Amino acid sequence: VIASLVPYTITGDIQLRFVVDKGPGSPFYDDLIIDDVTVDEGPTCPNPAGLGATNITTSSADLTWVSVSGLSDIEFGAAGFTPTGIPTDVGKTSPYTKGGLSASSSYSFYVRDNCGGGDYSDWVGPYTFDTPCDAFTLPYCNSFDATTFPLCWTQGYAPAVTSDRWNVNT
């Protein structure tokens, strides 16, 4: 477990307390092992966490993450791309709407925090998501009857015209 103490102002010694709740009916009485407890100075620019994507459409997605600094750089590309360490989007806040996406595609992104003065966190990621397929809407036709198709449909299908295939005239 790693716990960040960034939100606290610490001017002296600290104390750690470990609380164990055995719960009712526990078969263990005094069994407790705590090992390798370390308190270290954290990085000057902590890594962002909790990468995700919401509100995904065929052409955009809201990229999300948790940032300590508030400003982050993003490297974005097709899923499986090899990161270069060169941001595609600089100085963004979460959530960030990424547009220009294509339907039925997979994308990945990495994020690093920009703490100012040339101080950056490590790159974190990738987070990968898929955009949905384009919806196909047929034209409205109101002249159906039991024996014929309306004028918005024609018989045939390229490359070979056959009687059991139909095209929608859009």
**OP:** Determine the pairs where a residue that is at positive phi, located within segment 103-124, has a partner that is of a type outside the set (S, T, N, Q) and in a loop (DSSP other than H, G, I, E, B) with Cβ atoms under 7 Å apart, the partner being 6 or more residues away or on another chain.
**Re:** S104/C133
Subject >> Scan of segment 69-91 for residues that are in contact with a strand residue (DSSP E or B) (Cβ under 6 Å, 6 or more places away or on another chain) and either aromatic (F, W, Y) or assigned to a loop (DSSP other than H, G, I, E, B) (or both), ordered by number >> reply: S69, L71, F76, A79, P83, P87, T88
**OP:** Would you be able to tell me the number of residues in segment 61-79 that are open to solvent by 70 Å² or more (accessible area, probe 1.4 Å) and within 14 Å of the chain's Cα centre (by Cα)?
**Re:** 1
Original post:
In segment 59-81, how many residues are hydroxyl-bearing (S, T, Y) and modelled with pLDDT under 95?
Top reply: 2
Original post:
Of T88, T44, T93, which residue is touching a Leu at 6+ places or on another chain (Cβ under 9 Å) and β-branched (V, I, T)?
Top reply: T93
Subject >> Checklist (1) assigned to a loop (DSSP other than H, G, I, E, B); (2) open to solvent by 30 Å² or more (accessible area, probe 1.4 Å); (3) of a type outside the set (S, T, N, Q); (4) over 24 Å from T131 (Cβ atoms) applied to I56, failing item >> reply: (4)
**OP:** Give the residue, chosen from T93, T84, T38, that is in contact (Cβ under 8 Å) with a residue 12 or more places away in the chain, among the hydroxyl-bearing types (S, T, Y) and open to solvent by 30 Å² or more (accessible area, probe 1.4 Å).
**Re:** T93
Original post:
Only one residue in S102, S121 is of a type in the set (S, T, Y), at pLDDT 90 or above and farther than 29 Å from T57 by Cα. Which one?
Top reply: S121
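The values are calculated or read from the model by the stated rules, or taken from the named source; none is laboratory data. Given the structure is predicted, the values throughout are model-derived calculations rather than measurements. Note: ideal-geometry Cβ built from the backbone for every residue, glycine included; neighbour counts use all protein chains shown. With ligands, DNA and RNA removed, areas are computed over all heavy atoms of the protein, side chains included. Shrake-Rupley method; radii C 1.70, N 1.55, O 1.52, S 1.80 Å.
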